[in-house]
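Each reported figure results from applying straightforward, stated rules to the coordinates on display, with no laboratory input. Computed from a prediction, not measured in an experiment: that's the story for all the values here. All Cβ positions, even for glycine, are placed from backbone atoms using ideal geometry, and neighbour counts span all protein chains on display.
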Amino acid sequence: MHFTSERRLDDGVLERTFTLGDIPGILWTPASPPGPTPLVLLGHPPLGLGAMHPRLAARARHAAADGFASATIELPGSGDRPRLPVLEQGRTELRRAMRAGEAVGDEIVDALTLPLVDRAVPEWQTALDALLSLPGIGGPVGFSGGVISVAIRLAVVEPRLRAAVLFAGSLVPRAIVEEARQVTIPLHVLLQWDDEGNDRAASLDLFDAFGSKEKSLHAHLGGHTGVPPFAGEAAARFFTRHLK
């Protein structure tokens, strides 16, 4: 891990950009951590870290106020990373189906998602190795955000992950839904009831599939971007229970 820049935000949070091989990332740490700090991995859609930075930084600052470090990495094929033809083809097929008003079938969902999951999860694990080796970051580890299929695979294969806050989604391959049955960590799932980009029934079926003994679904009225501010407060309390 090579740190490439750092700056102190106005609330004292330290924001550092880094590279891990050819993978860019960002680490946020509290101003005065009382000791080894739990870590929250911040997931995000494949829109690029540049576009996602304001929202990620806001989430990180809230996490720091609760005593957590947080980190994120650029997804494969996103941001300034080289394009991956297999992912570009999947996104092209999704846009074509949506423009035509067609149902997004299993073949498109698989092409859009499975190559991303297969590449992103090992990178998250490599980043986790490096992050937990840093002074002051001692775990335990949580995951917050999307892509939900990436989070599911990571929860299955990564024993250091202790809890997750997930944003419900419906473009999930059937194979990943089956993997969800193997997830056993505590889950706090957010669902926007009127999300124009997700199928509500499919999102509920995915929640039902999770094998966790402790899982809660928090549904709010409104579209994809209408998550109420208090939803973040409930998620913070969830992480405080499970990571501290």
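Side notes on the structure shown:
- Calculated FRET efficiency for the pair E196/F230, C-beta based, R₀ 30 Å, to 0.05: 0.85
- Folded to 0 to 90 degrees: helix 106-132 orientation relative to the chain principal axis, Cα: 10
- Amide H contacts under 5 Å for V40: A69, S70, A71, G142, restricted to partners 5 or more places along the chain or on a different chain, H placed in the peptide plane at 1.01 Å from N.
- For the range 170-232: relative contact order, % (alpha-carbon pairs under 8 angstrom, 6 or more apart): 43
- Least to most buried among S149, S212 (fewest other Cβ within 10 Å first): S212, S149
- Converting phi to 3J(HN,Hα) with the Karplus coefficients 6.51, -1.76 and 1.60 and the offset θ = phi - 60°, the range 92-99 yields 5, 5, 5, 4, 4, 5, 5, 4 Hz in sequence order, with x at every glycine or proline.
- Each principal axis of the Cα cloud of the chain was taken in turn, and the coordinate range along them, longest first, works out to 52, 38, 31 Å.
- Least to most buried among W124, W193 (fewest other Cβ within 10 Å first): W193, W124
- Of F68, F207, F3, the sequence from fewest to most neighbouring Cβ atoms within 10 angstrom is F3, F207, F68.
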